[in-house]
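For reference, the structure is listed below as structure tokens.
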Amino acid sequence: MSPSAALVLLAAAFGTALLSSIFGMAGGLVLMGVLALILPVQAAFVTHGVLQLVANGGRAFLQRSHIRWKILAGYAVGALAASGLVAILAFSPSRPLLFLCLGLTPLLTWLPGDRLRLDAERPAHAVLAGLSVTGLNLTAGVAGPLLDIFFVRTAMSRHAVVATKAATQVLAHLAKTVVYGAALFRTGGEGMPAAWILALAIPLSLAGTQAGGLVLDRMSDAVFRRWTRWIVTGIGVFYLVQAARLMLAA
């Protein structure tokens, strides 16, 4: 990895952890796109999994008193099923397909969540969330907008939403790291950043998580819900343009 690419990765580790700690999902979407631009696809999945595992784990720990553990338990059941299925299929997307999926995923935020009547606080829906969100995470690299649909109908505060989503995403990113890491390291870990780069990126990710929590404390629930949708939509449009560029260049 070149020095410039290493600097981009380190800056993205801090900035996207900050963003995720405030809005609960936008950071992972940005980070996956950055990594897909500078790393091979499988290496991008594993690196994203490691960094987001740390960022979400740190966020879940800092907000642990707000986690809804019953939701997390149901989510874990679905996540385990999805992980097993993707591992058996041995699926790995191309770079153009990855950017297409990244671009389409934010459109899920515009689905009428109130009409779908999905509620993460209902046990069956928590399992469905684990199955669908982890499945999308393992194919597109991110699934925050889909996860958000399961929280639209809840009466949870912004702290409970961010904390519980962070805890579920610890499971999702752990699954991604294991599924893609097993395949990648059988071939010698080609394309992965050097260990020292990850060693620097991890504390930067934790620092971004800490800083984002301070911003979240000063934000109202109304502002939190309004800006999340527009931010991820803008990111999605950028990725769709990138996908079109890659497909035309192929």
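At an R0 of 45 angstrom, the distance between the Cβ atoms of Arg245 and Ser65 translates into a FRET efficiency of 0.50.
Quick one: Cα centre-to-centre distance for the range 18-69 and the range 187-217, in angstrom? With the range 18-69 and the range 187-217 each reduced to a Cα centre, they are spaced 9 Å.
Given axes a ≥ b ≥ c from the Cα gyration tensor, I'd like to know whether the range 1-150 is rounded (a/c under 1.5), prolate (a/b larger than b/c) or oblate. Because a/c hits 1.5 or more and a/b exceeds b/c, the range 1-150 counts as prolate.
Using the Cα gyration tensor of the range 117-226, with a ≥ b ≥ c the square roots of its eigenvalues, what is the shape: rounded (a/c below 1.5), prolate (a/b larger than b/c) or oblate (neither)?
Working: a/c = 3.17, a/b = 1.38, b/c = 2.31.
Oblate, since a/c reaches 1.5 and b/c is not below a/b.
Each residue in Lys176, Lys70, Lys165 was given a count of other beta-carbon atoms within 10 angstrom of its own, and listing them fewest first yields Lys70, Lys176, Lys165. The angle separating the long axis of helix 195-217 from the principal Cα axis of greatest extent in the chain is about 20 degrees.
Kindly identify the chain as rounded, prolate or oblate by the Cα gyration tensor criterion: order the square roots of the eigenvalues as a ≥ b ≥ c, call it rounded if a/c is under 1.5, otherwise compare a/b with b/c, prolate if a/b is larger, else oblate. The partial results should precede the final answer.
Details: a/c = 1.42, a/b = 1.30, b/c = 1.09.
In terms of gyration-tensor shape, rounded.
Relative contact order of the chain, taken over Cα pairs closer than 8 Å and 6 or more residues apart, is 38 percent. Seen against the Cα atoms of the chain and their longest principal axis, helix 221-249 is set at about 30 degrees. Using just its DSSP H runs of length 4 or more, each adding -39500 (n - 2.57), the chain gives a mean residue ellipticity at 222 nm of -26500 deg cm²/dmol after division by all residues.
Bear in mind these aren't lab numbers, they're just calculated from the coordinates by the rules spelled out. Because the structure is a prediction, the values reported are computed rather than measured. With ideal geometry, Cβ positions are generated from the backbone for all residues, glycine too; neighbour counts draw on all protein chains shown.
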